[in-house]
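Chemist: Can you keep this structure in mind? I'll have questions shortly.
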Amino acid sequence: MLCKALKYAALAAGALCLSLPAAQAADVTVGFSVPSLSTAFWTSAAYGVEKEAEKAGVKLVKVDAGNDNNVSQQIGQIQDLMQRHVNVLIIGAANDDALKPIAERAIASGIPVIGFSTPPNTDKLASYIGADHYDMGRLQAECMGKALGGKGKVAMMSFITGQIWADLRAKGFKETLAKEFPDIAIVAENRLATTRAESITVAEDWVQRFPDLAGIYTTVDDMAGGVVPALKAAKKSVVVTTSNLSPSTQKMVHDGDLPCSSIQKIVEQGRNALQQAVLAARKEPTAKAVLLPALMVTKDNIDTIDLSSVSAPADYRP
Amino acid sequence: MDTTVADSVALRRPCAVRSRLRFGVLGQVRYTIGVATALIAAAAFAATFADFGTFENAANVLSLFGPLAVLSVGQMIVVLVRGFDLSVGAVFALATVITAEAMNTAGLVGLAAAPLVGIVFGLLNGVLVSYFRVQPVIATLGSLLLARGAALLAAPNGQAVILGGDAQMVLLNLQLANIAGVPVTAIFTLIVFLVVAFVLYATAFGRRLFMVGGDPRSAALVGVRVHAVTVAAYTLCGFCAGLTAILILMRTGMGLPTEGVGMEVQSLAGAVIGGSQLSGGYANPFGVFFAALFIQTTQSGLNFSGISPYAAEMVMGCSILLAGLLDRVSQRIFRTA
């Protein structure tokens, strides 16, 4: 009887062993921790990191906290990666403040940390990789300026306050308009709306208040996704610009409902993060910050533009 | 405590009760599944990764399994009395938020808010399930949403509540601290389990829990106040969720309104792999302790492995299935023995 039990146990152990790849020998092991690999952003980021790791011939250990909110899970996973003695960590934080102590603990134990897009809130990072959000706002301003012929009234949906990336995009938009298109006036700015539904309400208020409103800036494409159909239904011709490129946004640009969208090179960010990580692991000098310029997608280039630096191919599985 | 004559008769003859609840040696085999699977997982990963089978990593795994273990042992108590609690994840999230805010105004004393929040929700669940006869799935789903909403409302903007300077460092340092190599959080967890074991096996209340779980009607006939015992079981489960909040605060140093999604199901898995049965009547803290350890060992091992996180989820799922199968298989082997 006991033999039977042992046989099952051995079988189980065997099954577990087989399901794991044998540890490889590489001089550098990179730990990569993200909040959620079920979002398009982190999947594309993981793709970039992974491709670059293959190219550099280093071992990559990815962990996924499973949800944008699983802060304690992510901390636990980083604790595991530290135990595994990875040489360097790349962290996209589920919560920048909550990940600060564990990141600083890793750094104190001799494991350099690269902050990725949403870095742990510490000034001891070896490097930070992210999009140039100011540039994304700047490109929107250029697109808006051209579409309006350099004059008219514009309103901004700038996302909620306290989101640094949203602040930077809005800043890039405002400063570029002021410099390059001084005849365009910003007549209103909303910092409450974030969702599709909220954006529709705000846009409807604006077209009532400003009958001659010519343009609306939106921080993310979710907002534009609400605003564009609502304005279309109200038969208002208002130019809407946005950032990011979800499939529905691609369609709107393709159909000419949106003149443009400024997007970040997510895969390219992943590649840069891995490059900086390898430098840090080998104790070579790293760049304090790598900000990747934005890309402009318009009706003219949407069918031809190379998006390989932006998003992972559809058949990629992290 | 009121003890009716019938009650005390039943309590004076524990052997009769025990044999009916299959308390014999063979009945205990189901509680060893957690130990067996934890050992198998640890051995498999230690054989695969050089850094896994070290004392250092054992301490690491022990420092991580606390939240799941404490939630699972709470879940075990309600499963024992034929219920379950879906609200534990949301309740501990709410408890972290309230506690963080309490600590920011009152200092370390505010830590007491965590078990209190848990007890309030446990009481609510218990009263709904017993006196109002609401089915556990509805009662605890309702309180899950209630707790989640309250957590988001209590936190400014629905964002995480950062613990103020000193209190945060005290908690975070406790998470790192160890006594003779054993993490303080693991000792905390162990104490919770010892207390639960004491309540179950050495008190009249514990015996009543088993009686209600085994057969509520018979328990009522011998004078056990089934409703009150059920309320107490849910309250204990809520209390455990509150204690989990303390462990989470020690790890993150923040009140996190959106934490704990999915933990209700994991804690149920912990209770069941630990030998509980959803139909009630079975409970063993020892089994649940190792079941939670098994789940954390597997998770940590998969984090070591570097395999695709998607595949890792599947391996995790297969391991839990394997544990379930092992339970069945062992029962067949030892019953025919």
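The values are calculated or read from the model by the stated rules, or taken from the named source; none is laboratory data. Predicted, not measured: the structure shown is a model, and the values here were computed from it. All Cβ positions, glycine included, derive from the backbone under ideal geometry; neighbour counts span all protein chains shown. Heads up: the accessible areas ignore ligands, DNA and RNA and are worked out on the full protein's heavy atoms, side chains in. Shrake-Rupley method; radii C 1.70, N 1.55, O 1.52, S 1.80 Å.
Chemist: From a point 7 Å beyond the Cα of B:F205 in the direction of its Cβ, which residues of the stretch B:165-195 have a backbone N at a distance under 20 Å?
Modeler: Correct set: B:189-195.
Chemist: Show the residues, 5+ positions off or on another chain, whose built amide H is closer than 5 Å to the amide H of A:N190.
Modeler: Those qualifying (amide H under 5 Å, at least 5 residues apart or on another chain) are A:M156, A:M157, A:S158.
Chemist: Taking each residue of A:93-101 in turn, how many C-beta atoms of other protein chains fall within 10 Å of its C-beta, and what is the average?
Modeler: Average per residue, whole number: 5.
Chemist: Determine the shielding of peptide B:162-172 by partner chains: average, over its residues, the number of Cβ atoms on other chains within 10 angstrom of each Cβ.
Modeler: Mean number of neighbouring Cβ atoms from other chains: 1.
Chemist: Could you compute Rg(Cα) / (2.2 N^0.38 Å) for the stretch A:185-262, with N its residue count?
Modeler: 0.99
Chemist: Among A:I102, B:S72, B:A180, flag the residue with its Cα farthest along the positive direction of the charge dipole of the protein assembly as shown, charges on Cβ as +1 for Lys/Arg and -1 for Asp/Glu.
Modeler: Of the candidates, B:S72 comes out farthest on the positive side.
Chemist: Give a quick list of chymotrypsin sites (Phe, Trp or Tyr not before Pro) in the stretch B:42-143 that DSSP marks as loop, anything other than H, G, I, E or B, with at most 13 other Cβ atoms within 10 Å.
Modeler: Those that pass, being in a loop and sparsely packed, are B:Y131, B:F132.
Chemist: Rounding to the nearest 20 debye, state how big the charge dipole of chain A is about its Cα centre with +1 on each Lys and Arg Cβ and -1 on each Asp and Glu Cβ.
Modeler: Rounded to the nearest 20 debye, it is 500 debye.
Chemist: Shifting gears a bit: Grab the DSSP H runs of chain A that are 4 residues or longer, score each as -39,500 (n - 2.57), total them, divide by all residues and round the 222 nm result to the nearest 500 deg cm²/dmol.
Modeler: Here the helix-only value at 222 nm equals -14000 deg cm²/dmol.
Chemist: Shifting gears a bit: In degrees from 0 to 90, rounded to the nearest 10, what is the angle of the helix A:133-147 Cα long axis to the longest principal axis of chain A?
Modeler: Around 30 degrees separate the two axes.
Chemist: Treating only the Cβ of Lys, Arg, Asp and Glu as charged (+1, +1, -1, -1), what charge dipole size does the protein assembly as shown show about its Cα centre? Round to the nearest 20 debye.
Modeler: 2260 debye
Chemist: Report the one residue of A:A289, A:I186, A:Q79 whose Cα lies farthest in the direction of the positive end of the charge dipole of chain A (charges on C-beta: Lys and Arg +1, Asp and Glu -1; origin at the Cα centre).
Modeler: Going by the charge dipole, the pick is A:Q79.
Chemist: For the pair B:E56 and A:E284, what calculated FRET efficiency results from E = 1/(1 + (r/R0)^6), where r is the Cβ-Cβ distance and R0 = 30 Å, to the nearest 0.05?
Modeler: Numbers: r = 28 Å, r/R0 = 0.95.
Using R0 = 30 Å, I get an efficiency of 0.60.
Chemist: HN-Hα J couplings of the stretch B:230-247 from phi, Karplus 6.51/-1.76/1.60, θ = phi - 60°, integer Hz, Gly and Pro as x?
Modeler: 5, 4, 4, 4, 5, 5, 4, 4, x, 4, 4, 4, x, 5, 4, 4, 5, 4
Chemist: While we're on this one: Go ahead and set up a Gaussian network model of chain A, Cα springs under 10 Å, then flag whichever of A:K153, A:K232, A:K171 fluctuates most.
Modeler: A:K232
Chemist: What total accessible surface area, summed over both chains, is buried at the interface between chains A and B, computed with a 1.4 Å probe and given in Å² to the nearest 100?
Modeler: 3800 Å²
Chemist: Ok, one more. What area, in nm² and to one decimal, does the C-alpha convex hull of chain A cast on average over all directions?
Modeler: Values: hull surface 81.3 nm².
Reported value for the Cα convex hull: 20.3 nm².
Chemist: What FRET efficiency, computed as 1/(1 + (r/R0)^6) with R0 = 22 Å and r the Cβ-Cβ distance, is obtained for A:Q163 and A:E198, rounded to the nearest 0.05?
Modeler: That gives a FRET efficiency of 0.90.
Chemist: Between the stretch B:272-329 and the stretch B:132-148, what is the separation of their alpha carbon centroids in Å?
Modeler: What the calculation gives is 26 Å, centre to centre.
Chemist: Specify the angular offset, from 0 to 90 degrees and rounded to the nearest 10, of the alpha carbon long axis of helix A:221-233 from the longest principal axis of the alpha carbons in chain A.
Modeler: Between the helix axis and the principal axis of chain A, the angle is about 30 degrees.
Chemist: Quick one: go through the stretch A:183-205 and flag any residue whose amide nitrogen is under 14 Å from the point 7 Å out along the Cα-to-Cβ line of B:Q159.
Modeler: Label zone hits: A:192.
Chemist: log₁₀ I(q)/I(0) of the protein assembly as shown at q = 0.05, 0.08, 0.12 Å⁻¹, via Debye over equal Cα point scatterers, no solvent, to two decimals?
Modeler: -0.28, -0.68, -1.24
Chemist: A follow-up question, please. How large a share of the accessible area of the stretch B:238-337, in percent, is made up of carbon and sulfur atoms when the probe is 1.4 Å and the other protein chains stay in place? Mind dumping the intermediate values first?
Modeler: Values: 2290 of 3190 Å².
Carbon and sulfur together cover 72 percent of it.
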